[in-house]
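Engineer: I am attaching a structure below and will ask some questions about it afterwards.
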Amino acid sequence: MLKHFFLLCSGVDRDIVNSCSNGEQNKYAGIGATVFFTAIMAFIAASYALFTVFDNIYTAVFFGLIWGFLIFNLDRFIVSTIKKRERFMDEFIQASPRIILAIIIAIVISKPLEIKIFEKEINAVLLKEKNELAIANKTQVSNYFKTDVDKNKAEIDSLKLNITRKEKEVADLYQSYITEAEGSAGTKKMGKGPIYKEKRAAHDAAAKQLDSLKTTSAKIIAEKEIKAKTLQADLDKKVTETQPIIDNFDGLMARINALGKLPWLPSFFIMLLFLAIETSPIIAKLLSPKGEYDFKQEDKEMGIKNVISQNRYQSELQKQTDADIYDKVYADIRQDKELYNYKKKGAIELLKLQADGFVEKQKKSM
């Protein structure tokens with residue numbers, strides 16, 4: 001049962017192979033088994049690759065099955081269409097397009113499995129890239145809000161600086177009138193004289209200005225601090241909204257790129273393994289000597305070619321014979337006087353009708 005299934009996978013003519021020896025049947029059963037297991041590997045590889053894209057196992061398995069059947073059909077077609085020739089070079093030229101196709105299929109099959117085999121190493125590369133993307137994203141978002149944030153902060157700092165300057169001015173005036181009263185500075189006269197009163201009045205006026213400035217600035221600073229918090233909240237929100245995109249940066253293309261950043265030698269040997277598996281049926285057929293199945297297939301094809309050639313030759317003869325007969329028939333008819341007179345009568349009537357019609361048209365146009 002299994003042997004018959006693998007023979008079906010090899011694409012051989014069942015009628016011919018059943019008439020061959022057991023050894024010949026085993027050879028083609030082995031080729032069919034290679035075709036079958038290559039399709040299984042293609043199904044697994046495609047399912048995993050599509051799972052990384054859709055994140056849905058049912059969708060991945062469905063399309064993986066379609067891909068597996070496609071690869072199975074291609075491999076079966078490739079193997080079944082290679083026929084043994086008298087010269088190896090003729091066989092190689094015949095098989096070269098199929099070998100190229102097999103190489104492409106092997107690369108396509110091997111890449112998703114390489115991604116799965118080196119999954120941990122790829123995850124490490126992706127983690128590093130995600131961190132770099134997160135930092136770059138935060139910097140980019142910060143730069144986007146930077147103008148508004150810096151402007152708002154500069155305005156707050158300016159208001160606070162004005163208050164600080166006014167406080168220093170008030171403190172200096174306070175110190176000035178106190179030292180005037182003590183007689184340690186200014187006029188050097190102890191007591192609350194006119195100069196003291198003048199300095200005290202200047203201090204009191206500056207103190208009132210300070211209180212007014214603090215009251216006015218406190219309200220503006222409070223508003224601007226609320227605005228600063230709003231800007232910071234918007235910045236954090238923007239970073240939070242874009243973070244899931246960075247977290248999901250682990251699709252098929254990202255993993256393929258990450259695989260390219262790993263040492264190439266292990267990946268290269270895995271690809272060679274699949275290349276050997278995929279091309280093995282073709283190579284086996286090229287290297288194997290012409291067997292019983294090949295001779296019988298060639299004999300059957302030759303018989304069909306002979307029948308077609310004979311049919312074509314007979315068809316040409318029949319066409320030529322019919323043409324000669326009809327030439328003779330029409331030559332005899334050409335000499336028939338009765339037929340000549342009949343056609344002459346019809347032609348005369350037709351010419352009369354045409355002449356009458358022409359006259360009628362001329363009358364209408366006048």
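The values are calculated or read from the model by the stated rules, or taken from the named source; none is laboratory data. Because the structure is a prediction, the values reported are computed rather than measured. For neighbour counting, all protein chains shown are included, and Cβ atoms are generated from backbone atoms with ideal geometry for every residue, glycine included.
Okay, residues lined up against (1) in contact with a His (Cβ under 9 Å, 6 or more places away or on another chain); (2) part of a loop (DSSP other than H, G, I, E, B); (3) in contact (Cβ under 8 Å) with a residue 12 or more places away in the chain; (4) outside the structural domain of Y174 (by TED's automatic domain parsing):
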| position | (1), (2), (3), (4) |
| --- | --- |
| A207 | no, no, yes, no |
| T215 | no, no, no, no |
| I221 | no, no, yes, no |
| K227 | no, no, yes, no |
| L231 | no, no, yes, no |
| D234 | no, no, yes, no |
| T242 | no, no, yes, no |
| F274 | no, no, yes, yes |
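Engineer: Any residue at all in the stretch 66-79 that's farther than 23 Å from I283 by Cα, surrounded by 14 or more Cβ atoms within 10 Å (Cβ to Cβ) and β-branched (V, I, T)? Spell out the reasoning first.
Structural biologist: Within the stretch 66-79, the subset farther than 23 Å from I283 by Cα is 66-67.
Now restrict to residues that are surrounded by 14 or more Cβ atoms within 10 Å (Cβ to Cβ): 67.
Pick out the ones that are also β-branched (V, I, T) and you get none.
No, every residue in the stretch 66-79 fails to be farther than 23 Å from I283 by Cα, surrounded by 14 or more Cβ atoms within 10 Å (Cβ to Cβ) and β-branched (V, I, T).
Engineer: Let me ask something else. Quick one: is V141 outside the structural domain of K285 (by TED's automatic domain parsing), at pLDDT 80 or above and either surrounded by 12 or more Cβ atoms within 10 Å (Cβ to Cβ) or assigned to a helix (DSSP H, G or I) (or both)? So that I can check it myself, show each step before the final result.
Structural biologist: Details: outside the structural domain of K285 (by TED's automatic domain parsing): yes; at pLDDT 80 or above: no; either surrounded by 12 or more Cβ atoms within 10 Å (Cβ to Cβ) or assigned to a helix (DSSP H, G or I) (or both): yes.
So V141 fails the test.
Engineer: Could you figure out which of (1) exposed (fewer than 13 other Cβ atoms within 10 Å of the Cβ); (2) at pLDDT 75 or above; (3) under 30 Å from K27 (Cβ atoms) isn't true of F295?
Structural biologist: For F295, the exception is condition (1).
Engineer: Any chance the stretch 109-130 includes a residue that's part of a helix (DSSP H, G or I), outside the structural domain of T242 (by TED's automatic domain parsing) and among the hydroxyl-bearing types (S, T, Y)?
Structural biologist: yes
Engineer: What's the total number of residues in the stretch 155-170 that are of a type in the set (A, V, I, L, M, F, W, C) and either outside the structural domain of T215 (by TED's automatic domain parsing) or exposed (fewer than 12 other Cβ atoms within 10 Å of the Cβ) (or both)? Even if it seems obvious, please write down each step before you answer.
Structural biologist: Step one: list which residues in the stretch 155-170 are of a type in the set (A, V, I, L, M, F, W, C), which gives 156, 159, 161, 163, 170.
If we keep only those that are either outside the structural domain of T215 (by TED's automatic domain parsing) or exposed (fewer than 12 other Cβ atoms within 10 Å of the Cβ) (or both) too, we end up with 161.
Looking only at that region, the number is 1.
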